Each structure stands twice: as C-alpha cells, then as structure tokens.
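Chemist: Questions regarding the structure given below will be posed in turn.
Quick note: the coordinates plus some simple rules give every number you see, no bench work behind them. Everything numeric here is computed off the predicted structure, so don't read it as measured data. So basically every Cβ, Gly included, is an ideal-geometry build from the backbone, and we count neighbours across all protein chains shown.
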Amino acid sequence: MINDIYFDKFPQLESERLIFRKLDLKDALDIQLIRSNDNVISFMDSEYHKTIKDSENFILKNLDRYKAKTGMFWAIIEKTENIFIGDFAFWNIIRENHRAEIGYTLKPDFWGKGYMTETLIQLIDFGFKNLNLHSFEAEINPKNTNSEKALVKIGFKKEAYFKENRYFNNEYLDSEIYSLLETNFKKGKEN
Ligand SMILES: CC(C)(COP(=O)(O)OP(=O)(O)OC[C@H]1O[C@@H](n2cnc3c(N)ncnc32)[C@H](O)[C@@H]1OP(=O)(O)O)[C@@H](O)C(=O)NCCC(=O)NCCS
C-alpha cells in the first residue's frame, strides 16, 4: 500500500549536491524560464509557457494533484548557490497499481553535470523505499536521447514503442515507454 503520510507532510529530501523541496507558486518564474526555452521544450511534447500565468496554472494543477494524492512535485535546488535548477515529478501516481509516471526538466546551464542522475537516484529510491511504490514509468519522445540516457543509466528498460500515438501541435508523434522495477534499480556509484 502507498504510504500516505507523505501526503500529510511533504517529503523534503536531499542528496550530495541538491535539495528537493515542494514545488510552489513562488517557482512560477523559474518554471516559465525553463518551459519557454526551445532546447528544453523541443522533445517534451508539452505546452510552451508563454506567460508566468501559464506556469502558475501548471503549478496550481500540480498542487491539486498532490492534494488528491495522485502526484508529488519537487523543485530541484543546487545547495552551494541555493538556486532553482529544475523540477522533478511523480506527476501521475496510479494508486491501484502502486506505480508512478515521472517527468523532469533541468535548466540547460545545468545539463551534463549529472544532476538529473543524482535526482533520479534519490527520488526513485524514496519512491520505492518510503512511498512503497512498486514500479515507475517514463514516456519519452524517441528523439530525446538525453532523457533516454539518464533513464537507462539507472536501470529503466524500454518496454514499448508506440507509433504516432500522440497528437500534439498538429502532428502525430511516436513515443517510447521506459519502466523500472526495484530489482533493476542501479543506484550505486559502482553502476
Ligand atoms: C533530460 C535532462 C534532464 C537530462 O539532463 P542531463 O544533464 O543530460 O542528465 P544527467 O544529470 O544524467 O547528466 C548526464 C551527464 O552529466 C555528466 N556527469 C555525470 N555525473 C557527473 C558528475 N557527478 N559531475 C559532473 N558531471 C557528471 C556526464 O557527462 C553525463 O553524461 P553521460 O552519462 O552520457 O556520460 C535534460 O536534458 C533536460 O532537461 N532536457 C529537457 C527536458 C526533458 O526532455 N525532460 C524529459 C522529458 S521525458
């Protein structure tokens, strides 16, 4: 069973270089900067945030999912400078299956430094051990090699390739589903 205590008190967590705190309305400008950046949004197949209002609405929807116990959304903070560098979500917790769909972004200045690997390891470990999830899922655009690399590195396996299953911006797009079970989870430095 999912451990619901984390829906009463938000799980703020940390790793070697990062703090993971609750994503809140005060993060709207940072979210807008990320989600209006062409490099970030190009393979995400999700809405471009034209204004800060778009980002506030996005955050409010996420806070509602947390209240409904079907989502958990973190801001990723770099410890030494205390700056917002990205976000990470169990954006759809499928309670009956003890499964969560994940999503994440980093500001481009912070790519290639291992921050998403560090985030995935910390938050997925929390998901298995503390929240009592059984599996994770990530749906990605097949061209999103950065995202694929980060997933595969920690043990996600490709389980499906769907042809033109998504209609977005007037075109049909392919997508891939990656999944992770705890037995395949590689979280140590030795991996
Ligand atoms: C997907 C995304 C988060 C991946 O970010 P990233 O920085 O490439 O991912 P990582 O944190 O795993 O870092 C990877 C690289 O950092 C480097 N790195 C790893 N550990 C490191 C460390 N401790 N110190 C310094 N550098 C390190 C490595 O070069 C590594 O690449 P490699 O494994 O191929 O050698 C980023 O590309 C992004 O925000 N994309 C746009 C949004 C998006 O597509 N989201 C996903 C939608 S499904």
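Chemist: Taking a point 7 angstrom from the Cα of Asp174 along the C-beta vector, which residues in segment 151-165 have backbone N less than 14 Å away?
Modeler: 159-165
Chemist: Counting helices only, and only those DSSP H runs with n ≥ 4, report the 222 nm mean residue ellipticity of the chain as the sum of -39,500 (n - 2.57) divided by its residues, in deg cm²/dmol to the nearest 500. Let's see the in-between values first.
Modeler: Values: 6 runs with 56 residues, N = 191.
Mean residue ellipticity, 222 nm, calculated: -8500 deg cm²/dmol.
Chemist: Hey, another quick one. What net charge do the residues around Pro11 carry, taking every other residue with its C-beta under 14 Å from that of Pro11, with Lys and Arg at +1 and Asp and Glu at -1?
Modeler: +1
Chemist: Next up: Could you state the orientation-averaged shadow area of the convex hull built on the Cα atoms of segment 5-134, in nm² to one decimal?
Modeler: Values: hull surface 31.2 nm².
Mean shadow area of the hull around the Cα atoms is 7.8 nm².
Chemist: Counting only Cα atoms, I'd like the Rg/Rh figure for segment 69-124, Kirkwood definition for Rh.
Modeler: Across segment 69-124, the Cα-based Rg/Rh ratio is 1.03.
Chemist: Right, here's the next one. Which value in nm describes the separation of the simple spin-label points at Asn3 and Asn146, placed 7 Å from the Cα toward the beta carbon?
Modeler: A separation of 3.3 nm, rounded to one decimal place.
Chemist: Here's something else I'd like to know. Could you let me know the centre-to-centre spacing of segment 57-110 and segment 119-191, using Cα atoms, in angstrom?
Modeler: So the separation of the two Cα centres works out to 15 Å.
Chemist: Another question, if that's okay. Hey, with R₀ at 35 Å, roughly what FRET efficiency would Asn37 and Glu164 work out to, going by the Cβ-Cβ distance, to 0.05? Don't jump to the answer; show the numbers that get you there.
Modeler: Details: r = 26 Å, r/R0 = 0.75.
Efficiency at R0 = 35 Å is approximately 0.85.
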